[in-house]
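Below: the structure, in structure tokens.
The values are calculated or read from the model by the stated rules, or taken from the named source; none is laboratory data. Being a predicted model, the structure only gives us computed values, none of them experimental. All Cβ positions, glycine included, derive from the backbone under ideal geometry; neighbour counts span all protein chains shown.
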Amino acid sequence: MSKYCDVYLVPIAEEKLAEYKKLARSAGKIFMKHGALRYREYVVSDLNEEYGTFPFGKALKLRPGETIVYAAVEFKSEAHRNKTMKAIFADPELAKVSPKEPPFDYKRMVYSGFKVMVDL
């Protein structure tokens with residue numbers, strides 16, 4: 001059972017989703033190889049801008065033609081995540097799958113690590 005999860009919100013041009021999906025599949029395999037318990041990526045299907053005080057589209061300052069990818073990577077603990085991430089970034093396979101020009105702007109990506117509070 002995971003106790004820790006890294007979450008990423010990535011604004012991305014809809015035309016680059018196929019390229020991003022290929023990158024995510026390759027990166028996900030590397031995450032799993034080094035001990036991540038689960039690796040998932042989702043593309044937004046409902047950007048209801050009328051619901052909530054600060055919807056994702058506004059938070060990420062979406063531009064016309066952009067959508068959002070939500071990624072969640074699960075680990076046993078924060079310490080396990082730290083150890084796993086160190087191994088991932090040391091793996092030469094990561095450099096091989098990383099494009100010279102990423103399909104999204106890293107400066108607009110939102111990232112945080114979360115401890116599990118409720119797990120039903």
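Matching residues to (1) touching a residue at least 60 places away in the same chain (Cβ under 8 Å); (2) under 25 Å from Leu120 (Cβ atoms); (3) among the acidic types (Asp, Glu); (4) touching a Lys or Arg at 6+ places or on another chain (Cβ under 8 Å):
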| residue | (1), (2), (3), (4) |
| --- | --- |
| Phe31 | no, yes, no, no |
| Gly65 | no, no, no, no |
| Lys76 | yes, yes, no, yes |
| His80 | yes, yes, no, no |
| Lys83 | no, no, no, no |
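When segment 87-97 is examined, which residues are found to be under 25 Å from Tyr4 (Cα atoms) and surrounded by 11 or more Cβ atoms within 10 Å (Cβ to Cβ)? Ala87, Ile88, Phe89, Asp91, Glu93, Leu94 - these are the residues of segment 87-97 that are under 25 Å from Tyr4 (Cα atoms) and surrounded by 11 or more Cβ atoms within 10 Å (Cβ to Cβ). Residues in segment 86-106 that are outside any loop (DSSP other than H, G, I, E, B) and under 18 Å from Ala13 (Cα atoms): Phe104, Tyr106.
Among the residues of segment 56-85, those that are more than 17 Å from the chain's Cα centre (by Cα) and under 23 Å from Ala36 (Cα atoms) comprise Lys76, Ser77, Ala79, His80, Lys83. Based on this model, can you work out whether Leu47 counts as touching a residue at least 12 places away in the same chain (Cβ under 8 Å) and farther than 22 Å from Leu23 by Cβ? It is true that Leu47 is touching a residue at least 12 places away in the same chain (Cβ under 8 Å) and farther than 22 Å from Leu23 by Cβ. Is segment 33-40 home to any residue that is assigned to a loop (DSSP other than H, G, I, E, B) and modelled with pLDDT under 95? No, every residue in segment 33-40 fails to be assigned to a loop (DSSP other than H, G, I, E, B) and modelled with pLDDT under 95. Under the condition of being more than 28 Å from Ala13 (Cα to Cα), of a type in the set (D, E, K, R) and surrounded by 16 or more Cβ atoms within 10 Å (Cβ to Cβ), the residues counted in segment 67-85 number 2.
Among the residues in segment 107-114, are any surrounded by 14 or more Cβ atoms within 10 Å (Cβ to Cβ), farther than 16 Å from Cys5 by Cα, touching a Pro at 6+ places or on another chain (Cβ under 7 Å) and in contact (Cβ under 8 Å) with a residue 24 or more places away in the chain? Scanning segment 107-114 turns up at least one residue that is surrounded by 14 or more Cβ atoms within 10 Å (Cβ to Cβ), farther than 16 Å from Cys5 by Cα, touching a Pro at 6+ places or on another chain (Cβ under 7 Å) and in contact (Cβ under 8 Å) with a residue 24 or more places away in the chain.
Residue count for segment 8-25 under the criterion of being within 14 Å of Val73 (Cβ to Cβ) and either over 11 Å from the mean Cα position of the chain (by Cα) or not in a helix (DSSP H, G or I) (or both): the result is 4.
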